[in-house]
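Structure, as structure tokens:
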Amino acid sequence: SQQGEEDPQALSIQEGENATMNCSYKTSINNLQWYRQNSGRGLVHLILIRSNEREKHSGRLRVTLDTSKKSSSLLITASRAADTASYFCATKMRASGSRLTFGEGTQLTVNP
Amino acid sequence: EAQVTQNPRYLITVTGKKLTVTCSQNMNHEYMSWYRQDPGLGLRQIYYSMNVEVTDKGDVPEGYKVSRKEKRNFPLILESPSPNQTSLYFCASSLAGADTQYFGPGTRLTVL
């Protein structure tokens, strides 16, 4: 079963705007990760936030985690056309070894 | 270059004709995994392997087999493919217990 659920399923914005994607999950986690997938390609790891962290930044990316609500958000600031891709959250549960459970993804389109 | 490779990248076959999709990584990773990606369903794990000769079912293992005779290779076998196995398949690998997975470029399989 899918651990993560993301919304929106699709998001279309103009270049320069910020994009926010949300992910909810069901069980306790060790960490939550965000991956990016360009059309038809493999996933690429973007950023990881651990269960004891609340916010993390990496360049134009900002991730928040609210373990009480079992939710996370990914904010991409000052978006560019090259940010157009699908974005997936993935959760790693405690005692799951290396297993990740992926959400259904958000398709982001950044219009030039 | 550190990478995960998959072959073939594209395959069209017919129902019942056995096929194998190969996956190889050159990073000495212990953990390897197969996912399938379908519209609206995100990535679902098929099988995973914690190390050589250690494999286990993921969320959607029916109709698939795997083997892990060598550390670098993790082939996915479809003994009798059916049209509902038409999908985009990804192989991924990581160090044991590591948080980040590295993905292959994907194999698009069509079963007629």
Exercise for review: Enter the accessible area of A:Val110 (Å², nearest 10), with the probe set to 1.4 Å and all protein chains included.
Suggested key: 10 Å²
Revision key, fill the gap. By the Cα gyration tensor axes a ≥ b ≥ c (a/c under 1.5 gives rounded; else a/b larger than b/c gives prolate, otherwise oblate), the shape of the protein assembly as shown is prolate
**Study point:** Euclidean distance between Cα centres, region B:67-94 to region B:17-44, Å
**Key:** 5 Å
Revision key, fill the gap. Rounded to the nearest 0.05, FRET efficiency between A:Lys56 and B:Tyr10 (Cβ-Cβ, R0 35 Å) equals 0.40
Check your understanding: Averaged across the residues of B:45-55, what count of C-beta atoms belonging to other chains lies within 10 Å of each residue's C-beta?
Key -> 1
Review point. What ranking do B:86-94, A:25-33, B:14-22 get when scored by the average of other Cβ atoms within 10 Å per residue, highest first?
Key: B:86-94, A:25-33, B:14-22
Check your understanding: Over its Cα atoms, what ratio of radius of gyration to 2.2 N^0.38 Å does chain A give?
Key -> 1.01
Check your understanding: Average partner chain C-beta neighbours within 10 Å, per residue of B:81-90?
Key -> 1
Review point. Based on Cβ point charges of +1 for Lys and Arg and -1 for Asp and Glu, what charge dipole magnitude is obtained for the protein assembly as shown about its Cα centre, in debye rounded to the nearest 20?
Key: 400 debye
Review point. If the cut-off is 16 Å between C-alpha atoms, which aspartates and glutamates fall inside it for B:Lys18, apart from same-chain ones fewer than 8 positions away?
Key: B:Glu62, B:Glu79
Check your understanding: Say the dipole of region A:16-109 comes from +1 at the beta carbon of Lys and Arg and -1 at that of Asp and Glu; which of A:Thr109, A:Leu61, A:Ser71 then lies farthest toward its positive end?
Key -> A:Ser71
Practice item. In whole angstrom, note down how far apart the Cα centers of region A:11-29 and region A:39-96 are. Key: 8 Å
Exercise for review: Note down the relative contact order for region A:6-58 as a percent, whole number, built from C-alpha pairs under 8 angstrom at least six residues apart.
Suggested key: 25 percent
Revision key, fill the gap. Across A:80-91, the residue-averaged tally of Cβ atoms belonging to other chains within 10 Å stands at 1
Practice item. May I ask which residue of B:Ser80, B:Met27, B:Val54 lies farthest towards the positive end of the charge dipole of region B:1-104, with charges of +1 (Lys, Arg) and -1 (Asp, Glu) on Cβ and the Cα centre as origin? Key: B:Ser80
Check your understanding: Which whole-Hz ³J(HN,Hα) couplings does region A:21-30 yield from phi under the Karplus relation 6.51 cos²θ - 1.76 cosθ + 1.60, θ = phi - 60°, glycine and proline marked x?
Key -> 10, 10, 9, 10, 9, 10, 10, 4, 10, 8
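The values are calculated or read from the model by the stated rules, or taken from the named source; none is laboratory data. As the structure is a computational prediction, the values presented were derived from the model and not from experiment. Don't worry about glycine lacking a Cβ; one is built from the backbone with ideal geometry, like all the others, and counts go over all protein chains shown. For the accessible areas, the whole protein counts, side chains as well, though only heavy atoms, and no ligand, DNA or RNA atoms are used. Shrake-Rupley method; radii C 1.70, N 1.55, O 1.52, S 1.80 Å.
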